[in-house]
Each structure stands twice: as C-alpha cells, then as structure tokens.
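Working notes, structure below.
Please treat every number below as a calculation from the coordinates, not as lab data. Every value quoted in this text rests on a predicted model; they were computed, and no experiment measured them. Cβ atoms come from the backbone with ideal geometry, glycine included; neighbour counts cover every protein chain shown.
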Amino acid sequence: MPDKEYNIEDDSSYLYASAVLKAREAEFVDKFKLERMTAVESVEDFLKILSETSYSKYLNLIDREKNLDEVIIQNNREAVLFLKDNLKPKDYWALDLLMYEENIHNYKLLLK
C-alpha cells in the first residue's frame, strides 16, 4: 500500500482535461480537407475550405496579405489559457514545452 494518501481530485482534473483535448483533436483539420487545401488554385478556395473547419472562427483574423500568423497566435493563446485553467501549478512546465518553438523565435528576434 502506498504511503501517500490517494486524492481522486488529481484523476478527475486529469480526466477532464484529457477528454476536452480529445474532443478538440476531432476539430483539427482532417486529412481529406488538408489534401483539398493543398490542391486549391486560389487563396479564396483555400479560405472556403478553411471555413468548413473549426478554424472558421478565425477567418476574420486573416489579413489583407492572407497571412495566417494571427490565426496561429490566437489558437496558441486559447490553448495556453485552457492549460493554465486546467493544469496544476506544478505542471505549468508543459506550457513551455507547448510554446517552445515560439519562445525560440522570440529569443532570436530579441538577439537581432
């Protein structure tokens, strides 16, 4: 028998976050839509297919040059906020892992 007292709250928090993340996985662009997006001949056709996905809520963030940076930033922001709300402080290191590539990019900009 383990010395540490078992705390079911640890499991329920983890199970809730896992279920939400699994549901969000289903919102990602599926292989069929990705293939359609890569085969388009115009930005308008790409945006039409994108509007059929969960990313449709971000269409207003795409700027005149059809830049997707703001879409990616907003999506990352929502992921970080979700994790901050559902992780225990001792597990916040996972946020650094999720944002690793973005952090490296920011450091490179600062060094320049």
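Calculated mean residue ellipticity, 222 nm, the chain: -19500 deg cm²/dmol, from DSSP H runs (n ≥ 4) at -39500 (n - 2.57) each, averaged per residue and rounded to 500.
Counting pairs of alpha carbon atoms under 8 Å apart in space and at least six apart in sequence, what relative contact order in percent does the chain give? That works out to 16 percent.
Our note on the geometry: Cα centres of the stretch 54-82 and the stretch 16-52, 13 Å apart. Place a label point 7 angstrom from the Cα of Val20 along the Cα-to-Cβ direction, then list the residues of the stretch 75-100 whose backbone nitrogen is under 12 Å away. So the set is 78-88. When log10 I(q)/I(0) by the Debye sum over Cα atoms at q = 0.10 Å⁻¹ is calculated for this entry, the matching label among (1) -0.46; (2) -0.29; (3) -0.24 is (1). R0 = 30 Å: FRET efficiency of Gln74 with Asp11, Cβ-based, nearest 0.05? So the FRET efficiency works out to roughly 0.45.
The share of Cα pairs per 10 Å bin across the stretch 68-112, counted from zero up to the longest distance, runs 25, 47, 25, 3 percent.
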